[in-house]
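This report concerns only the one structure given below.
The values are calculated or read from the model by the stated rules, or taken from the named source; none is laboratory data. Remember, predicted model here, so these are calculated numbers, not experimental data. Note that each Cβ is placed from the backbone with ideal geometry, even for glycine, and that neighbours are counted across all protein chains shown. For the accessible areas, the whole protein counts, side chains as well, though only heavy atoms, and no ligand, DNA or RNA atoms are used. Shrake-Rupley method; radii C 1.70, N 1.55, O 1.52, S 1.80 Å.
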Protein chains: 2
Amino acid sequence: MKARIKITLKNGVLDPQGKAIANALGALGFDGIGDVRQGKYVEIELDETDRATAEKTVERMCEQLLANMVIENYSYELEGA
Amino acid sequence: MKARIKITLKNGVLDPQGKAIANALGALGFDGIGDVRQGKYVEIELDETDRATAEKTVERMCEQLLANMVIENYSYELEGA
(Lines give C-alpha, C1' and ligand atoms only; values in the text may rest on other atoms or scores of the structure.)
Protein backbone atom coordinates (compact mmCIF):
# COMPACT_ATOMS: atom_id res chain seq x y z
CA MET A 1 0.00 0.00 0.00
CA LYS A 2 1.27 3.45 -0.84
CA ALA A 3 0.65 6.54 1.28
CA ARG A 4 0.74 9.96 -0.39
CA ILE A 5 1.07 12.60 2.30
CA LYS A 6 0.76 16.36 1.90
CA ILE A 7 2.05 18.59 4.65
CA THR A 8 1.00 22.22 4.52
CA LEU A 9 1.47 25.22 6.76
CA LYS A 10 -1.58 26.18 8.77
CA ASN A 11 -3.49 29.26 7.72
CA GLY A 12 -2.05 32.33 9.32
CA VAL A 13 1.48 30.93 9.49
CA LEU A 14 3.82 33.08 7.41
CA ASP A 15 5.14 31.28 4.33
CA PRO A 16 8.22 33.08 2.99
CA GLN A 17 8.94 30.30 0.47
CA GLY A 18 5.45 30.72 -0.96
CA LYS A 19 5.97 34.49 -1.16
CA ALA A 20 9.27 33.95 -2.97
CA ILE A 21 7.55 31.71 -5.52
CA ALA A 22 4.79 34.28 -6.03
CA ASN A 23 7.39 37.02 -6.62
CA ALA A 24 9.40 34.85 -9.00
CA LEU A 25 6.29 33.97 -11.00
CA GLY A 26 5.44 37.67 -11.20
CA ALA A 27 8.95 38.43 -12.44
CA LEU A 28 8.53 35.76 -15.14
CA GLY A 29 5.46 37.58 -16.40
CA PHE A 30 2.70 35.44 -14.90
CA ASP A 31 -0.12 37.62 -13.64
CA GLY A 32 -3.40 37.01 -11.84
CA ILE A 33 -1.63 35.10 -9.09
CA GLY A 34 -3.09 35.16 -5.60
CA ASP A 35 -1.85 33.39 -2.54
CA VAL A 36 0.97 30.84 -3.01
CA ARG A 37 1.74 28.28 -0.27
CA GLN A 38 4.56 25.76 -0.33
CA GLY A 39 4.39 22.49 1.53
CA LYS A 40 5.98 19.07 1.55
CA TYR A 41 4.93 15.91 -0.18
CA VAL A 42 6.01 12.45 0.96
CA GLU A 43 5.31 9.07 -0.60
CA ILE A 44 5.77 6.04 1.64
CA GLU A 45 5.53 2.43 0.53
CA LEU A 46 4.00 0.33 3.32
CA ASP A 47 3.96 -3.46 3.63
CA GLU A 48 0.70 -3.19 5.59
CA THR A 49 -2.30 -4.46 3.62
CA ASP A 50 -5.11 -3.55 6.01
CA ARG A 51 -6.42 -0.07 5.24
CA ALA A 52 -7.54 0.83 8.77
CA THR A 53 -4.18 -0.18 10.27
CA ALA A 54 -2.32 1.68 7.53
CA GLU A 55 -4.36 4.84 8.24
CA LYS A 56 -3.45 4.71 11.91
CA THR A 57 0.21 4.10 11.09
CA VAL A 58 0.36 7.02 8.68
CA GLU A 59 -1.30 9.34 11.20
CA ARG A 60 1.22 8.37 13.85
CA MET A 61 4.10 8.89 11.38
CA CYS A 62 2.82 12.38 10.57
CA GLU A 63 2.29 13.37 14.18
CA GLN A 64 5.58 11.95 15.46
CA LEU A 65 7.93 12.85 12.64
CA LEU A 66 6.70 14.29 9.38
CA ALA A 67 4.57 17.25 10.41
CA ASN A 68 5.16 19.87 13.06
CA MET A 69 1.64 19.93 14.45
CA VAL A 70 2.11 23.39 15.94
CA ILE A 71 2.33 25.06 12.54
CA GLU A 72 1.50 22.37 9.98
CA ASN A 73 -1.47 20.27 8.89
CA TYR A 74 -1.29 17.01 7.01
CA SER A 75 -3.59 15.08 4.73
CA TYR A 76 -3.01 11.77 3.02
CA GLU A 77 -4.39 9.26 0.57
CA LEU A 78 -3.80 5.53 0.57
CA GLU A 79 -3.52 3.70 -2.68
CA GLY A 80 -3.47 0.03 -3.63
CA ALA A 81 -4.01 -3.22 -1.74
CA MET B 1 -9.26 28.63 -9.25
CA LYS B 2 -6.74 26.83 -7.09
CA ALA B 3 -3.89 24.70 -8.46
CA ARG B 4 -2.45 21.95 -6.26
CA ILE B 5 0.91 20.93 -7.66
CA LYS B 6 3.03 17.97 -6.62
CA ILE B 7 6.66 17.88 -7.68
CA THR B 8 8.45 14.57 -7.28
CA LEU B 9 11.90 13.27 -8.15
CA LYS B 10 12.00 11.03 -11.20
CA ASN B 11 12.49 7.34 -10.64
CA GLY B 12 16.15 6.48 -10.43
CA VAL B 13 17.16 9.87 -9.02
CA LEU B 14 18.69 9.42 -5.58
CA ASP B 15 16.56 10.86 -2.80
CA PRO B 16 18.66 11.32 0.36
CA GLN B 17 15.84 13.19 2.13
CA GLY B 18 13.52 10.24 1.55
CA LYS B 19 16.20 7.87 2.85
CA ALA B 20 16.61 10.02 5.96
CA ILE B 21 12.86 9.87 6.59
CA ALA B 22 12.85 6.09 6.15
CA ASN B 23 15.73 5.74 8.64
CA ALA B 24 14.08 8.06 11.16
CA LEU B 25 10.80 6.15 10.92
CA GLY B 26 12.70 2.91 11.50
CA ALA B 27 14.40 4.43 14.55
CA LEU B 28 10.97 5.43 15.91
CA GLY B 29 9.89 1.80 15.71
CA PHE B 30 7.82 1.82 12.54
CA ASP B 31 8.46 -1.30 10.52
CA GLY B 32 7.30 -2.63 7.18
CA ILE B 33 8.40 0.52 5.42
CA GLY B 34 9.54 0.33 1.84
CA ASP B 35 10.64 3.12 -0.43
CA VAL B 36 10.17 6.69 0.84
CA ARG B 37 10.33 9.64 -1.54
CA GLN B 38 10.10 13.28 -0.61
CA GLY B 39 8.84 15.94 -2.96
CA LYS B 40 7.40 19.43 -2.93
CA TYR B 41 3.81 20.58 -2.82
CA VAL B 42 2.68 24.00 -3.99
CA GLU B 43 -0.75 25.59 -3.87
CA ILE B 44 -1.35 28.55 -6.15
CA GLU B 45 -4.46 30.69 -6.20
CA LEU B 46 -5.19 31.81 -9.77
CA ASP B 47 -7.58 34.54 -10.93
CA GLU B 48 -8.04 32.64 -14.21
CA THR B 49 -11.51 31.08 -14.49
CA ASP B 50 -11.11 29.11 -17.71
CA ARG B 51 -9.88 25.60 -16.97
CA ALA B 52 -8.00 25.02 -20.23
CA THR B 53 -6.12 28.30 -19.91
CA ALA B 54 -5.36 27.61 -16.26
CA GLU B 55 -3.95 24.19 -17.17
CA LYS B 56 -1.61 25.74 -19.73
CA THR B 57 -0.54 28.42 -17.25
CA VAL B 58 0.21 25.89 -14.52
CA GLU B 59 2.21 23.73 -16.91
CA ARG B 60 4.29 26.73 -17.97
CA MET B 61 4.84 27.68 -14.32
CA CYS B 62 6.06 24.17 -13.52
CA GLU B 63 8.36 23.96 -16.51
CA GLN B 64 9.81 27.45 -16.14
CA LEU B 65 10.15 27.72 -12.39
CA LEU B 66 8.73 25.13 -10.04
CA ALA B 67 10.13 21.84 -11.32
CA ASN B 68 13.60 20.99 -12.55
CA MET B 69 12.54 18.95 -15.57
CA VAL B 70 15.88 17.14 -15.72
CA ILE B 71 15.31 15.32 -12.45
CA GLU B 72 11.71 16.06 -11.43
CA ASN B 73 8.18 15.32 -12.60
CA TYR B 74 5.11 17.31 -11.73
CA SER B 75 1.41 16.62 -11.54
CA TYR B 76 -1.40 18.96 -10.62
CA GLU B 77 -5.09 19.26 -9.92
CA LEU B 78 -7.27 22.30 -10.48
CA GLU B 79 -10.07 23.03 -8.11
CA GLY B 80 -12.99 25.43 -8.16
CA ALA B 81 -14.48 27.79 -10.75
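Here are the numbers for the structure shown:
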{"quantity": "Every pair of residues 6+ apart whose Cβ atoms lie under 7 Å, when the first sits in segment A:35-64 and is farther than 24 Å from A:ASN11 by Cα while the second is open to solvent by 70 Å² or more (accessible area, probe 1.4 Å) and not in a helix (DSSP H, G or I)", "calculated": "A:GLU45/B:ASP35; A:THR49/A:ALA81"}
{"quantity": "Filter result for A:ILE5 (facing chain B (nearest Cβ under 9 Å), at pLDDT 95 or above and crowded, with 19+ Cβ neighbours inside 10 Å)", "calculated": "no"}
{"quantity": "Per-region count, segment A:1-36, residues of a type in the set (A, V, I, L, M, F, W, C) and farther than 23 Å from A:MET61 by Cα", "calculated": "11"}
{"quantity": "Criterion: within 11 Å of chain B (Cβ to nearest Cβ), hydroxyl-bearing (Ser, Thr, Tyr), open to solvent by less than 50 Å² (accessible area, probe 1.4 Å) and under 17 Å from B:LEU25 (Cα atoms) - qualifying residue of A:THR53, A:THR57", "calculated": "A:THR57"}
{"quantity": "B:GLU43 vs. criteria surrounded by 12 or more Cβ atoms within 10 Å (Cβ to Cβ), more than 9 Å from every other protein chain (Cβ to nearest Cβ) and either within 18 Å of A:ILE21 (Cα to Cα) or touching a Ser or Thr at 6+ places or on another chain (Cβ under 7 Å) (or both)", "calculated": "no"}
{"quantity": "Filter pass, A:VAL13 being in contact (Cβ under 8 Å) with a residue 12 or more places away in the chain and facing chain B (nearest Cβ under 7 Å)", "calculated": "no"}
{"quantity": "Total residues in segment A:60-81, condition open to solvent by 40 Å² or more (accessible area, probe 1.4 Å), aliphatic (A, V, I, L, M) and farther than 18 Å from B:GLY32 by Cβ", "calculated": "3"}
{"quantity": "Selected residue [out of contact with any Asp or Glu (no Cβ under 8 Å at 6 or more places or on another chain), under 18 Å from A:ALA3 (Cβ atoms) and at pLDDT 95 or above] from B:GLY29, B:GLY39", "calculated": "B:GLY29"}
